[in-house]
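Novice: Structure in structure tokens, see below.
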Amino acid sequence: MADPIIAPKPQLARRAHIASLEQYQQIYAASVRDPRGFWRECAARVDWFHPFERTFRQDFANAEVSWFLGGKLNAAHNCVDRWLHDRAEQTALIWVGDEPGTYRHISFHELHENVGRLANVLRAHGVQKGDRVCIYLPMIPEAAYAMLACARIGAVHSVVFAGFSAESLRDRIVDADCRVVLTANEGLRGGKVIPLKATVDAALEGTAVTTVLVKRRTDTAVPMRAGRDLDYDEQVQRQRAYCPIEWMDSEDPLFVLYTSGSTGRPKGQLHTTGGYLVYASYTHEIVFDWHRGDVHFCAADVGWITGHSYIVYGPLCNGATTVMFESTPVYPDARRYWQVVDDVQASIFYTAPTALRALVRFGDEPVRTSSRASLRVLGSVGEPINPEIWRWYHDVVGEGRCAVVDTWWQTETGGILISPLPGATPCKPGSATFPLPGVRPVLVDEHGRELTGNDVTGNLCLVGSWPGQARTILNDHERFRQTYFTTYPGRYFTGDGCRRDADGYYWITGRVDDVLNVSGHRLGTAEVESALVAHDYCAEAAVVGCPHDVKGTGIYCFVIRGKAAEGHDDAEVEDVLRQQVRDAIGAIATPDRIQLVSGLPKTRSGKIMRRILRKVAESRYDELGDISTLAEPAVVEEIVAGHKTWAK
Ligand code: WTA
């Protein structure tokens, strides 16, 4: 059966940057014919202090790419100063606080002052060009000030999502060798208090951090360590608002952001200044069809790449009004997003399918209490969007008049690579449709042979670099090369599976490696396993994904009890281990199920057969395949029986 096609809305096409499928196809073809010309022109969208001499250089064999070589610019200048001449009083940032009705409008002029003062504070505490600064802040304007203040003086920010545990935070601080940390006394989310400063205190034991700036988000006093901890407000008040700009080389680092892979610890993805900024700005404009005056509401957290590119850098680099949302989609109730949309008159709304799945459960009523007349474009990101959810987004939230853009990309890609364009692309619900101009996806089979033509399924790779591509993993270029460039030589391998249907539409089928996409957050099964085995209640663990109505993928752990757990009942062991994972990684990694087992399915050489465990966790007991080669085939029966009691 042919998939239904939803044509672009004529009223959107009329004003769109790319206004028809034919126009998209022409631009796309030209971009592939002459990538240098295409990107050279694209780069003109940012302000260069010194023009670049060469558009790009690409050597995938050595995992080396560089963009806009010889150019000099500054990201904070582009996001702030550049707009002072004609929109100083325009709102740059609308902060939406956790408590309903709490709004703060920050103009470009105010943004400039706030960023400048903070940049001076950082300088006063010895932060220099190239130094890494850790940002562990809730969703408050200071998070954006901090990112831009770093960019202004050439420091490299490392934002750590405020839901991560002390241990995760410490690992990231140590890996990036941060000396300065910005945090808040407490965070506030969905009415709950998050003890950020206490977490920082626990994380800093034994690190080289010399300075902690603490913003007061709540009235609670927190212990301050003399000589290390400083009050944010006191510090910024002492500084002047103007801070000179550090002009950066295109390839100077802008930020590092940690993300999970299939093995080992999270990797610090390094993004550089020129390419990243051009790409964030370009994609923000064409994918959301942003026009001057449009309010852009991306409901992500700045702790993830989506927040970096589509709350801060992309929108601000285009002189947009961007929204920063501190709360949750269901606080105080399921009307919250739509109320905010009306209050700030958002034209663009961008969230993850997991949030939509959570909202669908409350029915249409909470949506219908709002007008949403300001909306034009609805975006989705982070995981495949189920066609039913796509429909609901389109029909109920968008009332059939808004474009839905299902945007596929990754932390490593810096910005969106595959997505519909609001005025141009006929959509199939569940498909991210086509690559953006300048982007060249290919599908390959397991032998690395390119699957040409349509109606093919394989692993998604990219040939040809794009400006937003991550340049390396901090401190480990070899790991970067190994992870992305050796599986299919000559191509960047995404880790995702994908189908290109008979009409050439791309359908992302999900990760083909040991990375889980839990509520749109990336987690390595290896990370959860190491958290489990670090506790003496666990002798051995194997973690796989399981289907989950709201999260998309849940975390399913098979655990062999450790000696220390003998004599304790199952429920207690499970609780202890669940807490252990939360403490080690953070609440986002909380296991959905811990199944205690007496053994794991292993080959005779001792390798855990994850394929079997994945099938069990998906309740596909008939698809376990040949288990006769296992060392102890009987454990499978026990595992299946144990799963059935839970999955009922
Ligand atoms: C998945 C988030 C299907 C994918 C921006 C990718 C998606 C991983 C989509 C990156 C989408 C992201 N449809 N899957 N529209 N967008 N993904 O680094 O598996 O947190 O590899 O970046 O999310 O997650 P990350």
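The values are calculated or read from the model by the stated rules, or taken from the named source; none is laboratory data. None of these values were measured; they are calculated from a predicted model. Neighbour counts are summed over all protein chains in view; Cβ atoms, including those assigned to glycine, are modelled from backbone coordinates with ideal geometry.
Novice: Could you grab me the full set of residues in the range 389-408 that are touching a helix residue (DSSP H, G or I) at 6+ places or on another chain (Cβ under 8 Å), in contact (Cβ under 8 Å) with a residue 12 or more places away in the chain and either of a type in the set (Gly, Ala, Ser) or under 21 Å from residue 499 (Cα atoms) (or both)? Show your work before the answer.
Specialist: Going through the range 389-408, the residues touching a helix residue (DSSP H, G or I) at 6+ places or on another chain (Cβ under 8 Å) turn out to be 389, 392-393, 396-397, 400-407.
Adding the requirement that they be in contact (Cβ under 8 Å) with a residue 12 or more places away in the chain leaves 389, 392-393, 396-397, 401-407.
Matches in the range 389-408: 389, 403, 404, 405, 406, 407.
Novice: With (1) surrounded by fewer than 24 Cβ atoms within 10 Å (Cβ to Cβ); (2) within 16 Å of the ligand (Cβ to nearest atom); (3) closer than 30 Å to residue 65 by Cα as the list, and residue 357 as the residue in question, which single condition is left unmet?
Specialist: For residue 357, the failing item is (3).
Novice: Residue under question is residue 542, and the condition is that it be crowded, with 17+ Cβ neighbours inside 10 Å, out of contact with any Pro (no Cβ under 6 Å at 6 or more places or on another chain) and in a strand (DSSP E or B); does it hold? Spell out the reasoning first.
Specialist: Values: crowded, with 17+ Cβ neighbours inside 10 Å: yes; out of contact with any Pro (no Cβ under 6 Å at 6 or more places or on another chain): yes; in a strand (DSSP E or B): yes.
Here the answer is yes, as residue 542 does meet what is asked.
Novice: When the range 509-532 is examined, which residues are found to be under 16 Å from residue 168 (Cα atoms), aliphatic (A, V, I, L, M) and either surrounded by fewer than 23 Cβ atoms within 10 Å (Cβ to Cβ) or away from the ligand (no atom under 12 Å from the Cβ) (or both)?
Specialist: Filtering the range 509-532 for residues under 16 Å from residue 168 (Cα atoms) gives 521-532.
Now restrict to residues that are aliphatic (A, V, I, L, M): 523, 526, 528, 531-532.
Within the range 509-532, 526, 528, 531, 532 qualify.
Novice: Please go through the range 72-103 and give me each residue that is assigned to a loop (DSSP other than H, G, I, E, B) and in contact with a His (Cβ under 6 Å, 6 or more places away or on another chain), ordered by number.
Specialist: Of the range 72-103, the ones assigned to a loop (DSSP other than H, G, I, E, B) are 74, 80, 88-90, 97-102.
80, 88, listed by residue number.
Novice: Something else: Residue 475 passes all but one of (1) within 30 Å of residue 530 (Cβ to Cβ); (2) within 15 Å of the ligand (Cβ to nearest atom); (3) in a loop (DSSP other than H, G, I, E, B); (4) at pLDDT 95 or above; which number fails?
Specialist: All conditions pass for residue 475, except number (2).
Novice: Here's something else I'd like to know. For residues that are without any contact (Cβ under 8 Å) to a residue 60 or more places away in the chain, in a loop (DSSP other than H, G, I, E, B) and crowded, with 19+ Cβ neighbours inside 10 Å, tally how many sit in the range 170-185. Quick ask: steps written out before the conclusion?
Specialist: Taking the range 170-185 first, the residues without any contact (Cβ under 8 Å) to a residue 60 or more places away in the chain are 170, 173-174, 177-185.
With the extra rule that they be in a loop (DSSP other than H, G, I, E, B), the set shrinks to 177-179, 185.
Then drop every residue that is not crowded, with 19+ Cβ neighbours inside 10 Å, which leaves 178, 185.
Number satisfying all stated conditions: 2.
Novice: Which numbered condition in (1) buried (at least 18 other Cβ atoms within 10 Å of the Cβ); (2) touching a strand residue (DSSP E or B) at 6+ places or on another chain (Cβ under 6 Å); (3) more than 22 Å from residue 469 (Cβ to Cβ) is the only one that residue 82 fails?
Specialist: Of everything listed in (1) buried (at least 18 other Cβ atoms within 10 Å of the Cβ); (2) touching a strand residue (DSSP E or B) at 6+ places or on another chain (Cβ under 6 Å); (3) more than 22 Å from residue 469 (Cβ to Cβ), residue 82 misses just condition (2).
Novice: Could you run through the range 197-250 and say how many residues are closer than 30 Å to residue 46 by Cα and part of a helix (DSSP H, G or I)?
Specialist: So the answer is 1.
Novice: On to the next question. Quick one: in the range 409-437, which of the residues that are of a type outside the set (A, V, I, L, M), over 17 Å from residue 503 (Cα atoms) and in a loop (DSSP other than H, G, I, E, B) is farthest from the chain's Cα centre (by Cα)? Quick ask: steps written out before the conclusion?
Specialist: Step one: filter the range 409-437 for residues of a type outside the set (A, V, I, L, M), giving 409-415, 419-420, 422-423, 425-431, 433-435, 437.
Subset that is over 17 Å from residue 503 (Cα atoms): 409-415, 422-423, 437.
If we keep only those that are in a loop (DSSP other than H, G, I, E, B) as well, we get 409-410, 414-415, 422-423, 437.
Values: 409: 9, 410: 7, 414: 9, 415: 10, 422: 22, 423: 25, 437: 22 Å.
That would be 423.
Novice: If you don't mind, there's one more thing I want to ask. Identify, by number, the condition in (1) surrounded by fewer than 24 Cβ atoms within 10 Å (Cβ to Cβ); (2) closer than 22 Å to residue 98 by Cβ; (3) within 16 Å of the ligand (Cβ to nearest atom) that residue 327 doesn't meet.
Specialist: It fails just one condition, (3).
Novice: Which one is nearest to residue 509 (Cα to Cα) among residues in the range 397-411 that are buried (at least 24 other Cβ atoms within 10 Å of the Cβ) and within 8 Å of the ligand (Cβ to nearest atom)?
Specialist: Only one residue fits best here, namely 408.
Novice: Here is a further query. Go through the range 368-384 and give me each residue that's under 16 Å from residue 299 (Cα atoms) and either among the hydrophobic types (A, V, I, L, M, F, W, C) or within 16 Å of the ligand (Cβ to nearest atom) (or both).
Specialist: Matches in the range 368-384: 375, 377, 378, 379, 380, 381, 382, 383.
Novice: Filter the range 259-287 for residues that are more than 14 Å from the ligand (Cβ to nearest atom) and within 14 Å of residue 349 (Cα to Cα) and give the result.
Specialist: 285
Novice: Specify which of the listed residues (543, 576, 550, 581) is away from the ligand (no atom under 14 Å from the Cβ), β-branched (Val, Ile, Thr) and touching a strand residue (DSSP E or B) at 6+ places or on another chain (Cβ under 6 Å). Steps first, please.
Specialist: Working: 576 fails: touching a strand residue (DSSP E or B) at 6+ places or on another chain (Cβ under 6 Å); 550 fails: touching a strand residue (DSSP E or B) at 6+ places or on another chain (Cβ under 6 Å); 581 fails: touching a strand residue (DSSP E or B) at 6+ places or on another chain (Cβ under 6 Å).
The conditions single out 543.
The rows are residues; the columns are (1) part of a helix (DSSP H, G or I); (2) crowded, with 20+ Cβ neighbours inside 10 Å; (3) of a type in the set (Gly, Ala, Ser).
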{"residue": "573", "(1), (2), (3)": "yes, yes, no"}
{"residue": "577", "(1), (2), (3)": "yes, yes, no"}
{"residue": "591", "(1), (2), (3)": "no, yes, no"}
{"residue": "605", "(1), (2), (3)": "no, no, yes"}
{"residue": "611", "(1), (2), (3)": "yes, no, no"}
